[in-house]
1. Tell me the residue from Ala78, Ala42 that is loosely packed, with under 13 Cβ neighbours inside 10 Å, over 21 Å from Asp110 (Cβ atoms) and of a type in the set (A, V, I, L, M, F, W, C), please.
2. Among the listed residues Thr50, Thr37, Thr43, Thr108, identify the single one that is within 30 Å of Ala150 (Cα to Cα), modelled with pLDDT of 95 or more, of a type outside the set (Asp, Glu) and outside the structural domain of Gly151 (by TED's automatic domain parsing).
3. When the residues of region 10-58 are filtered to those that are out of contact with any Asp or Glu (no Cβ under 7 Å at 6 or more places or on another chain) and among the β-branched types (Val, Ile, Thr), which remaining residue is farthest from Leu75 (Cα to Cα)?
4. Collect the residues in region 85-121 that are over 18 Å from the mean Cα position of the chain (by Cα) and surrounded by fewer than 19 Cβ atoms within 10 Å (Cβ to Cβ), keeping them in residue-number order.
5. How about region 1-112: which helices (runs of 4 or more DSSP H) wholly inside it have at least 3 residues that are farther than 30 Å from Leu161 by Cα?
6. How many residues does region 71-92 hold that are in contact with a Gly (Cβ under 8 Å, 6 or more places away or on another chain) and aliphatic (A, V, I, L, M)?
7. Could you list, in sequence order, all residues of region 180-208 that are β-branched (Val, Ile, Thr) and at pLDDT 95 or above?
8. Conditions: (1) buried (at least 20 other Cβ atoms within 10 Å of the Cβ); (2) more than 15 Å from Asn218 (Cα to Cα); (3) among the β-branched types (Val, Ile, Thr). Val72 meets all but one. Number of the miss?
Amino acid sequence: MSSAGDGNRSLQRGIEILRAFRQGIDVLGNGEIAERTGIPRATVSRLTRTLVQSGMLDDVRNERAYRLAAAVISLGHAMRVSSPVLNVLGPMMRAESMRRKLNVGLATADRSMMVYLESIRFNPRVALRNVVAGQQVPMESTSLGRAYLAGISEQQRTRLLASFKRRRIGATQNLLAEVQRSIRSVKRDGYCAVSWQRGVLAVATPIIVKDLPVYALNMSTQNVAPTARLSAEMGGYLLAFAKRCNEALGGE
């Protein structure tokens, strides 16, 4: 007879299997899942069958593999439409995007990545990249991630910085120096400016409200040559908007 601990472990492993299906991955076999998660293959085989039966995975028989089922996206949709934060900030972000003619995004952490909760693209027809809710971006490379790092506790930040070292071996020293500069910028100016993709400038600031997770809010524009003057202009817009967002959420 299995114990409660065994049940909790099976649940945790089942979640890790679902997490193995990252952006750009369509199907995975049991062996690939075992390699990505570190879970024994026999256990993966048992749990993938359970996940198929529960409607979370589809069995791709001709490839002897699995893909995420429709139930997964329905969970994301339920989160979005029921989120009190998105219900408050979503309309404000759309209006601000039109007002400033800038992209506006809201994200929070998913382990050592940032996941967009909302992304308003001012003019998606000319966007260099299409960013949508649910999309992940690297925490250490982006304005959103660095603003988030500035908003969390020192203990949490230290743990995440250690994970970046493991993930980005070879670029660690320069990358971590850039991250620390961005954190100091948030502490000093209220925001950080990052251009991690050519021709794109983004500024971000943390949104910190009691009893809510730390969020990061950003504004970005494309097809530009990033300059200190443009960063300061966008940073001013961002901080004014972030203040209104904090007030709307009941923060200071």
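The values are calculated or read from the model by the stated rules, or taken from the named source; none is laboratory data. The structure presented is a predicted model; accordingly, all values stated were derived computationally and were not measured. Note: ideal-geometry Cβ built from the backbone for every residue, glycine included; neighbour counts use all protein chains shown.
1. Values: Ala78 fails: over 21 Å from Asp110 (Cβ atoms).
Among Ala78, Ala42, only Ala42 is loosely packed, with under 13 Cβ neighbours inside 10 Å, over 21 Å from Asp110 (Cβ atoms) and of a type in the set (A, V, I, L, M, F, W, C).
2. Values: Thr50 fails: within 30 Å of Ala150 (Cα to Cα); Thr43 fails: within 30 Å of Ala150 (Cα to Cα); Thr108 fails: outside the structural domain of Gly151 (by TED's automatic domain parsing).
Residue meeting the stated conditions: Thr37.
3. Checking each candidate, the answer is Thr43.
4. Of all residues in region 85-121, those over 18 Å from the mean Cα position of the chain (by Cα) come to 87-88, 91-92, 94-102.
Within region 85-121, Asn87, Val88, Pro91, Met92, Arg94, Ala95, Met98, Arg99, Arg100, Lys101 qualify.
5. Details: elements: 4-19, 30-37, 41-53, 70-82, 84-100.
Fully inside region 1-112 and qualifying: 4-19, 41-53, 70-82, 84-100.
6. Looking only at region 71-92, we keep the residues that are in contact with a Gly (Cβ under 8 Å, 6 or more places away or on another chain), and these are 71, 76.
Within this subset, residues satisfying the condition of being aliphatic (A, V, I, L, M) are 71.
Count: 1.
7. So the first thing to find is which residues in region 180-208 are β-branched (Val, Ile, Thr), and the list is 183, 186, 194, 200, 203, 205, 207-208.
Scanning region 180-208 gives Ile183, Val186, Val194, Val203, Thr205, Ile207, Ile208.
8. The failed condition is (1).
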